[in-house]
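This report concerns only the one structure given below.
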Amino acid sequence: MPENINPQIAQKAEALRKALHRHNYRYYVLDDPEISDAEYDRMMQELKQLEENYPQLASPDSPTARVGAPPLEKFDTVAHTVPMLSLDNGFNDEDILDFDRRVKRNLDKQSNILYTAEPKMDGVAVELIYENGKLLTASTRGDGLTGEVITANVKTINAVPLVMQTDSPSPIPSRLEIRGEVFIGLDAFRKFNEERIEQELPPFANPRNAAAGSLRQLHSKITATRPLEIFFYGIGIVEDLAFESHWELLKSLKNWGFRINPFIRPTIRIKEVLNYYRELSEKRHQLPYDIDGIVVKVDDISLQQRLGATSRSPRWAVAYKFKAIQETTALEAIEVQVGRTGVLTPVAQLKPVSVGGVMVSRATLHNEDEIEKKDIRIGDKVLVQRAGDVIPEIVKVIASKRDGSETQFKMPKSCPVCDSPVIRMAGESATRCINSSCSAQLKERIKHFTSKRAFDIDGLGDKLVDQLVDENLLSSFADIFSLDEEIIKNLERMGAKSAANLVNAIEQSKSIVFARFLYALGIRHAGEHVSALLGDHFPDLHTLMNCSREELEAVEGIGPIVADSIASFFKQERNQRIIRLILDCGVKLETASRKKTGKLKDKVFVLTGTLESITRSQAKELIKAASGKVSGSVSGNTDYLVAGESPGSKLNKAKELGVAVIDEAGFKELFG
Ligand code: IVH
């Protein structure tokens, strides 16, 4: 116990840590949380407070120690006790049957071999070392013999246990070298890339590159902002214990708190392995992460040892890879789009082709340099793939199919929308339309302003924005707030009801959290993350608008380029006027100080049944004002179900999922 500390306080901190580790385990490993996210956050907050008040309590394996450590100059290296080998690949059933025959031959014609088959995660291999149940170091695979030490980065992954579960049926070994794959889920990857594009950072080509880049950050605070996940699949060594089979080992790993892929199929014969491959080939498109095949492992560990390994790969395992999701098609034309910041993006118009079951007819070509690098010409036959199975991209041109009719692409000299001249600055790959009143830019800026993570105006979709701008009904952000219901009603595809709903949604949006407001403005380099930092740091808009570049740079997480961009944005009179006009429309900012105390920020509420003393829309307003969210249906993401009279089926669902249920009195208490 740390010195000079009231034992009760030390015990309290220890109890909180233990409970948080356990809830983490229930959430990430068992997928069966016992408490709501709100309750978890509350406990975490309490522990943070204790550790802040009593710094002697700090400990490297506290659940609060995931936020990242001071930056490194470079990574240390470490030799793996047992080399991290690769796997041989098979590409068809015959390759796998060959593998099975080889295994049996090497085991003196033994038959009845049982295999455990697993999804092959498309991520980055890591090794973690635990001593007496505590995470000591984490490293990359490197060249298989020596890896880089990335402990601080790996610790930021919530699903990585900082301490092993001690109440597990398997005793804790004195040393465990465990291996797994770090990855980023597809939804998180999409969101993360969108955010990068907004900040004018180059997007990652696929989730694997994003995971690899995030793990190799010298600044673990950056890693902490990346949505990394992990599945464990094996070990290097374990001391004190011996396992008979791979499946037994995986079960113990799970009991110790390590996340294991739920789709692993244990102890099956080779025929069933082939069926499993087919099943997973179909299921892979519904999975929330990328897999690139299956891994087939001899289950019996004594047989694994008898089979041994070559210098490259074990003889007891093989990867059966999925077919690449690539197709060839014709590039019919290149269209140039103008984005919110005026950047011209060439987009390939493809002859529609099904790539892994999804029709693809367009692919971004990023910029002029990219087209030149890949020597892409209009009329080419091209190989397309869904990168990370998400965004279609052109892998390469099939030059042998050219017949001479293909034409070179030239970036237009003027904006394809407003016809103003375009420029390309030295050292930049982007070409821009610099006319800030270009209608394409205006449309995109307004779409951004009203989008879900900004003003979140329901009913003001992309088509309607295009229409309103084209008909000169919208020419600035402030115009949104004075849109006339009568005029909207008479627009194409609109009617009295949708017009009334829209006007109502616009009215509701006027109360907005400070950070969201900043994000909505679309300041260069200020995406959601930077806006949140600013919103947390500055007490109000006025202070932010008047602060210097140096003061901005002093904000943790904000570098010189971002600081420069923000300071010069607020310095421009034009932008000051735009902001004034928005505020004059009655937009109210919920400032940082209010938000910080807002324990209900981002909490998801579902309403059911009849409330007595307030209407549903009043309840929704209260939730929104506290920066909470309202959802129509109960799911694992729900934090509170507010149940009035005659609640119906949502109540059962909430109980099933362990969602906190509150009645009207509880609701009132929560909202003061
Ligand atoms: S077992 C001795 N199981 O695939 C071989 N590997 O090509 C140990 N991988 O470096 C590997 N999912 O990064 C194994 N379920 C799984 C896997 C898996 C992904 C990766 C791993 C390894 C690479 C080998």
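Between the residues His542, His529, Leu581, the greatest Cα displacement towards the positive end of the dipole of the range 520-589, with unit charges on the Cβ of Lys, Arg, Asp and Glu, is found for Leu581. Cβ distances below 4.7 Å define possible disulfide partners, and in the chain the cysteines left without one are Cys547, Cys585.
Protection proxy ranking of 441-453, 59-71, 176-188, by the mean of other Cβ atoms within 10 Å over each peptide's residues and highest first, is 176-188, 441-453, 59-71. Hull volume per residue, based on the alpha-carbon atoms of the range 128-190 and their convex hull, is 114 Å³. Once you reduce the range 511-541 and the range 165-212 to the center of their Cα atoms, the two points are 27 Å from each other. The three principal axes of the Cα atoms in the range 276-384 give end-to-end lengths of 63, 30, 30 Å, sorted in falling order. Cross-link pairs exceeding 21 Å in C-alpha to C-alpha distance, out of Lys48/Lys601; Lys134/Lys254; Lys624/Lys668; Lys351/Lys463, comprise Lys351/Lys463.
Counting only aspartates and glutamates at least 8 places from Lys104 when in the same chain, those with an alpha carbon closer than 14 Å to its own are Asp299, Asp300.
Converting the Cα gyration tensor eigenvalues of the range 89-206 into ellipsoid dimensions via √(5λ) gives semi-axes, longest first, of 33, 26, 14 Å. Taking every DSSP helix (H) stretch of at least 4 residues in the chain, weighting each as -39,500 (n - 2.57) and dividing the sum by the residue count yields a mean residue ellipticity at 222 nm of -10500 deg cm²/dmol. Computed about the Cα centre, the dipole magnitude for the range 28-138 is approximately 520 debye when only Lys and Arg (+1) and Asp and Glu (-1) carry charge, each at its Cβ.
The alpha-carbon atoms of the range 140-280, seen along their principal axes, cover 52, 39, 31 angstrom, with the largest extent given first. At a probe radius of 1.4 angstrom, the accessible area of the range 106-188 per residue rounds to 35 square angstrom. When each of the peptides 226-234, 410-418 is scored by how many other beta carbons lie within 10 Å of its residues on average, the order from highest to lowest is 226-234, 410-418. The phi torsions of the range 187-203, fed into the Karplus equation with coefficients 6.51, -1.76 and 1.60 and a -60° offset, translate into couplings of 5, 5, 5, 4, 5, 4, 5, 4, 4, 5, 4, 4, 8, 6, 9, x, x Hz, rounded to whole numbers, with Gly and Pro shown as x.
For the range 435-503, the percent of C-alpha pairs falling in each 10 Å distance bin, counted from 0 to the bin holding the largest distance, reads 21, 58, 20, 1. Eigenvalues of the alpha-carbon gyration tensor of the chain, scaled by 5 and square-rooted, set the equivalent ellipsoid semi-axes at 45, 36, 25 angstrom, largest first. Across the range 376-514, C-alpha contacts under 8 Å between residues 6 or more apart give a mean separation that, scaled by the residue count, equals a relative contact order of 14 percent. Treat the range 45-149 as a sphere of radius equal to its Kirkwood radius over Cα pairs and apply Stokes-Einstein at 25 °C in a medium of 0.890 mPa s; give the translational diffusion coefficient in µm²/s, rounded to a whole number. Approximately 133 µm²/s, per Stokes-Einstein. Note on the range 94-155: Cα convex hull, mean projected area over all directions, 7.2 nm². Using Cα centres only, tell me the gap between the range 15-56 and the range 605-626 in whole Å. Each part reduced to its Cα centre gives a spacing of 29 Å.
Short-range pairs are left out: with C-alpha atoms under 8 Å and at least six residues apart, the relative contact order of the chain is 10 percent. Sorting 554-563, 460-469 by their mean Cβ neighbour count within 10 Å, with the most densely packed peptide first, gives 460-469, 554-563.
The overall shape of the range 290-344, judged from the alpha-carbon gyration tensor, is prolate: a/c is not under 1.5, and a/b is greater than b/c. On the principal axes of its alpha-carbon atoms, the range 529-656 has extents of 56, 31, 20 Å, going from largest to smallest.
Of the solvent-accessible surface of the chain, computed with a 1.4 Å probe over protein heavy atoms with every protein chain present, carbon and sulfur atoms account for 50 percent. Distance from the alpha carbon centroid of the range 429-475 to that of the range 215-257 works out to 46 angstrom.
The values are calculated or read from the model by the stated rules, or taken from the named source; none is laboratory data. None of the values given here were measured: they were computed from a predicted structure. For neighbour counting, all protein chains shown are included, and Cβ atoms are generated from backbone atoms with ideal geometry for every residue, glycine included. For the accessible areas, the whole protein counts, side chains as well, though only heavy atoms, and no ligand, DNA or RNA atoms are used. Shrake-Rupley method; radii C 1.70, N 1.55, O 1.52, S 1.80 Å.
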